[in-house]
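Visitor: Structure in structure tokens, see below.
Just so it is clear, none of the values below were taken in a lab; they were calculated from the coordinates. Just so it is clear, the model here is predicted, and its values are computed rather than measured.
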Amino acid sequence: MNKLLLFVILLIGVSFMSAEDKYNKLNDLEKYVIENKGTERPFTGIYNDHDEEGVYKCKRCGETLFKSDDKFHSGCGWPSFDDAIDGKVKEQTDADGRRTEILCANCNAHLGHVFKGEGYTDKNIRHCVNSVSLQFEPEEPKQEKAYFAGGCFWGVEYHFQKLDGVLSTAVGFMGGSVKNPGYYDVVGGNTGHAETAEIVYDPAKVSFEKLAKLFFEIHDPTQINRQGPDIGHQYRSAVFYTNKEQKKITMQLIEELEDKGYDIATELEIATSFYPAENYHQDYYEKKGSKPYCHVYTKRFD
Ligand SMILES: [Zn+2]
């Protein structure tokens, strides 16, 4: 056999194998629906009564086809969507010549049928999809960070942990000049850092404004370089902003408080490296089962 022919045969073999490999393996029911255009029994699919936020992907090739925002309850027994992601679902006349079949535009997996003009939703379309043709993927929450210093970081963290939309918190040090400081470096007052709480939050559930308002209400923002019994530059009141929007909102809130007669000492600093404190400082009050000694909620905003 000549070498070129051998090479061509090998190439065809390899591409055939990779075409097989690139799709997910299907079980018998999935093959029946996706490959042989079958239909799962109504009210049996796992996504019929499924309301989580996220996207629905093609079970076979993984392409994203539908969004949970477009899902609605039709009562027909199969997941129903009044829209598909642009260009990802194709339509063709069904073998029965009457209905319109819908398929994954990428891999031709059979999804179900589309019906128009039934009046279920404003868009007036129902993509009636077999659950077994789909794989749901939950939406990753968006994450943003905020940094607040207001005296002993144990108490600041304690209050933020209770707020809806806060995904995680940590205590540590920010705003200084020494790299990787430990608690005993900062408590000496010479590193420039402030005891700081790092707040990781979902901006779809809680706004930075709400976080910043809480910050101004759980410590006394009029105290200069101290908070209650904790005295020193490391206990200053500060907001370390991570973007212009956080800076603007903080300035507006400070102005609002000043208009109410508060002499605000809070410093507005750009966020720099955050150094987490030693483990025993994390979740301090939660672990101890007690309440902060100097961070008490005081309403200051209307
Ligand atoms: Zn597909």
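Visitor: I'm a student and want to see the number: the projected area of the Cα convex hull of the stretch 144-288, averaged over all directions, in nm². Before the final figure, lay out each step's value.
Guide: Details: hull surface 32.1 nm².
Orientation-averaged projected area of the Cα hull: 8.0 nm².
Visitor: Name the residues whose placed amide hydrogens come within less than 5 Å of the amide hydrogen of His113, ignoring near sequence neighbours (fewer than 5 apart) on the same chain.
Guide: Answer set, sorted by chain and number: Ile102, Cys128.
Visitor: If you take the alpha carbon radius of gyration of the stretch 119-194 and divide it by 2.2 N^0.38 Å, what ratio comes out, to two decimals? Write out the running numbers ahead of the final one.
Guide: On the way: Rg = 23.3 Å, N = 76, 2.2 N^0.38 = 11.4 Å.
Cα-based Rg divided by the globular estimate yields 2.04.
Visitor: Any chance you could tell me what percent of the C-alpha pair distances in the chain go past 25 Å? Don't skip to the end; give the middle numbers.
Guide: Details: 28169 of 45451 pairs.
Cα-Cα pairs of the chain separated by over 25 Å account for 62 percent.
Visitor: Right, here's the next one. Rounded to a whole number, what is D in µm²/s for the stretch 95-145 from Stokes-Einstein with the Kirkwood radius over alpha-carbon pairs (37 °C, 0.692 mPa s)?
Guide: Working: Rh = 13.5 Å.
It comes out at roughly 244 µm²/s.
Visitor: I've got another one for you. If I take the Cα coordinates of the stretch 20-138 and project them onto the principal axes, what are the three extents in Å, biggest first?
Guide: 41, 36, 28
Visitor: List, in the order given, every pair from Lys142/Lys291; Lys37/Lys90; Lys59/Lys145 whose Cα-Cα distance in the structure shown is over 23 Å.
Guide: Values: Lys142/Lys291 30 Å; Lys37/Lys90 14 Å; Lys59/Lys145 35 Å.
Among Lys142/Lys291; Lys37/Lys90; Lys59/Lys145, the Cα-Cα distance tops 23 Å for Lys142/Lys291; Lys59/Lys145.
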